[in-house]
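Novice: Handing you a structure now.
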Amino acid sequence: ARTNVKREKHIEAAKAAAAALGAKTLNPDILFGRASKDDLEHYSGEMLAVAAAHAMAEIEAWDGTEPRVTVTTLAGVTPQSQPVSVLSVTDRNQPFLYDSVMGEVTSTHRDIHLAIHPILVVTPGEAPKLFSPDEESDPAQRVSHIEIHLSELAPSEAAALAERVGTVLDQVHLAVDDWPAMVEKLDSTMADVERYAKEKPGKDEALAFLAWLRGNNFTFLGMREYSYS
């Protein structure tokens, strides 16, 4: 409960600062509602308001199709007196996004000041809302917005990070888009084993293994076919 009170205190400060900022901002409740309170303690309300304005600008600049990846140093955002570069990723919501992006970032950068990942429902003409599985929404309007605050990067480092994250997102899209086809191929393979390997030793064990894979116990990132003669 004490943690929630501290987080709410920082969010209220962000709301007040956002009103004074006069810029269009993403609702701080949405952006920082699940952020680590330990991370938020290093940010003033004004810093959080600038981050919320940046988030809203990124969401509005997204074209709704291709992932938008930027790395920006925000003036005045200096947790623990350190300027930060903000990696922003805006994309249609789908599996593997946050873990894939974070994995790429932490492969070269360990000094993360803040990491947030609200899943939004973005409807034209309306303010973004926080996605809830209990409320009906159009899957096409569900948007992931990731912000990772890193100690300030040189322009070359920022460009390299954005390029690498873009490559990772391409791979995520391929895996997610091809998932139904890969599952369909697994189903046909199981049917073939059942039909043509009736008396083969190990058939039951092979089918049990394939059924285990099919039961959401395995993440299909790719598939390769072999022809044996």
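Novice: Answer with yes or no whether Thr72 is surrounded by fewer than 20 Cβ atoms within 10 Å (Cβ to Cβ) and part of a strand (DSSP E or B).
Specialist: yes
Novice: From Ala35, Ala14, grab the single residue that is in a helix (DSSP H, G or I), farther than 18 Å from Pro83 by Cβ and of a type in the set (Gly, Ala, Ser).
Specialist: Of Ala35, Ala14, the one residue that is in a helix (DSSP H, G or I), farther than 18 Å from Pro83 by Cβ and of a type in the set (Gly, Ala, Ser) is Ala14.
Novice: Give the residues of the stretch 107-138 that are touching a residue at least 24 places away in the same chain (Cβ under 8 Å), more than 14 Å from Glu60 (Cα to Cα), open to solvent by 20 Å² or more (accessible area, probe 1.4 Å) and not charged (D, E, K, R), sorted by residue number.
Specialist: Thr108, His109, Ile112, His113, Ala115, His117, Ile119, Leu130, Phe131
Novice: I've got another one for you. Looking only at the stretch 16-55, which residues are among the hydroxyl-bearing types (Ser, Thr, Tyr) and open to solvent by less than 30 Å² (accessible area, probe 1.4 Å)?
Specialist: Scanning the stretch 16-55 gives a single hit, Tyr43.
Novice: Is there a residue being open to solvent by 70 Å² or more (accessible area, probe 1.4 Å) and outside any loop (DSSP other than H, G, I, E, B) anywhere in the stretch 158-165?
Specialist: Yes, that holds for at least one residue.
Novice: Here are the criteria: (1) closer than 24 Å to Leu26 by Cβ; (2) in contact with a Leu (Cβ under 8 Å, 6 or more places away or on another chain). Tell me which single one Leu186 does not satisfy.
Specialist: Among (1) closer than 24 Å to Leu26 by Cβ; (2) in contact with a Leu (Cβ under 8 Å, 6 or more places away or on another chain), Leu186 violates only (1).
Novice: Of all residues in the stretch 175-228, which are touching a residue at least 40 places away in the same chain (Cβ under 8 Å) and exposed (fewer than 10 other Cβ atoms within 10 Å of the Cβ)?
Specialist: Gly222
Novice: Do you know which residues across the stretch 76-97 are more than 20 Å from Ile59 (Cβ to Cβ) and open to solvent by 10 Å² or more (accessible area, probe 1.4 Å)?
Specialist: Correct list: Gly76, Thr78, Gln80, Ser81, Gln82, Pro83, Pro95, Phe96.
Novice: Which one of the conditions (1) within 28 Å of Thr219 (Cβ to Cβ); (2) in contact with a Phe, Trp or Tyr (Cβ under 8 Å, 6 or more places away or on another chain) does Pro67 fail to meet, given that it meets all the rest?
Specialist: (2)
The values are calculated or read from the model by the stated rules, or taken from the named source; none is laboratory data. Because the structure is predicted, anything quoted here is derived from the model rather than measured. Cβ coordinates were reconstructed from backbone atoms using ideal geometry, including for glycine residues, and neighbour counts include every protein chain displayed. Surface areas here come from the heavy atoms of the whole protein model, side chains and all, with no ligands, DNA or RNA. Shrake-Rupley method; radii C 1.70, N 1.55, O 1.52, S 1.80 Å.
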